[in-house]
């Protein structure tokens, strides 16, 4: 039997239609993305103009699908990027609107990044905590308000939680300590209040915790010492009180510790300054007292040590002269006394590093 040209054309069309449907995202995922899009306005770059057609897995800006299931896996929308669409317009992104709960219908989502759009507002949809596969939640650099969902701890696979530089208020949810896979926690520059969860040390995978510029109160949890992978801890510019837990000095790979601009009191733990892995330490603008521990040595490598604006007394430790490197030192605005040690590294520092103490003397201050 001979096949006519019309029959072949029809058969080919049907085959292409079926093949296209097999490789397209499900209509439910497409509908969820379009509902998400409807709640936002991006007037300059035109990224949502690419969100057309039936297949959201192909050429939809910022959308990636699982190659096997064709379900939406990643939404990556950054307002600051080197992508050609940004270079062509010569500007960073600006987006208004809010994050639609329709995203929660994308139950295979692993990455949700909606970052640095400056003016996205509204709250974090509570249902985001029900996305079972979510590994990255990054909403930095917007105007998102409200609280972090109380059930955030349900996201057992979450490795990155970044909601910094927003207007988020309320307390840090108690359930956050259930994020067993969490490596990066960034909550800086919000309006968070209350205390840091006392058992935050349960987050055994965490390597970075940035909670600065909030309104956090209470003491620094000593359980932080259980975070053996922690390299960066920033609790600065809050309202924390009490003493610095000496246990922080035993964190094996801690390299950056910023506790400045709080209301901390008591003495500087000796073990903290003897931790040779610590390269940046800022304890300035607190109410710390007592002597600066004289525990520096040849393995000390300090990019920056800032102890200014406290109530420290005694003299400057002579052991600092034996340090391998001290890049920046500031002990100004304390009650220190005595001669500033001579030689390296002190011969590189200006008078501002030592000013406004009770009776420090010697170069670069007036002679004793």
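Quick notes on this one:
- FRET efficiency, 1/(1 + (r/R0)^6) with R0 41 Å, evaluated for residue 368 and residue 94 via beta carbons: 0.10
- Cα-based helix-to-principal-axis angle, 5-22 vs the chain, degrees rounded to 10: 30 degrees
- On Cα atoms only, tilt of 27-38 relative to the major axis of the chain in degrees: 60 degrees
- Förster-model FRET efficiency, 35 Å R0, residue 358 and residue 324, C-beta, rounded to 0.05: 0.70
- Maximal additional length on extending the residue 119-residue 59 stretch stands at 19.0 nm, based on 0.36 nm per residue less the C-alpha distance.
- Percent RCO, i.e. relative contact order, over the chain, from Cα pairs under 8 Å lying at least 6 residues apart: 7 percent
- Packing, as the average of other Cβ atoms within 10 Å across residues, places the peptides 322-334, 355-367 in the order 322-334, 355-367, highest first.
- Per residue, the average separation of C-alpha pairs within less than 8 Å and at least 6 apart gives region 250-368 a relative contact order of 19 percent.
- A simple spin-label model places pseudo-atoms 7 Å from Cα toward Cβ; at residue 198 and residue 215 they are separated by 2.4 nm.
- The modelled label-to-label distance between residue 159 and residue 267, using points 7 Å beyond Cα along the C-beta direction, is 4.3 nm.
- Approximate spin-label separation residue 301-residue 180, in nm, with each point projected 7 Å along Cα-to-Cβ: 3.5 nm
- Taking 0.36 nm per residue of separation and subtracting the current Cα-Cα distance, fully stretching the chain between residue 229 and residue 243 would add 2.7 nm.
- Between the alpha-carbon centres of region 226-303 and region 353-368 there is a gap of 25 Å.
- Per-peptide average of other Cβ atoms within 10 Å, ordering 80-88, 35-43 highest first: 35-43, 80-88
- Rounded to the nearest 5, the antiparallel percentage of DSSP beta bridges internal to the chain is 10%.
- Computed FRET value (nearest 0.05) for residue 339 with residue 80, which takes r as the C-beta separation and R₀ as 45 Å: 0.35
- Normalised contact order of region 22-137, rounded percent, pairs of Cα under 8 Å and 6 or more residues apart: 27 percent
- Helix-only [θ]222 nm of the chain, DSSP H runs n ≥ 4, -39500 (n - 2.57) each, per residue, nearest 500: -3000 deg cm²/dmol
Computed from the coordinates by the stated procedures, all read-outs in this text should not be read as laboratory data. Source: prediction; values computed, not measured. Because the Cβ atoms are built from the backbone with ideal geometry, glycine has one as well, and the counts that use them run over all protein chains shown.
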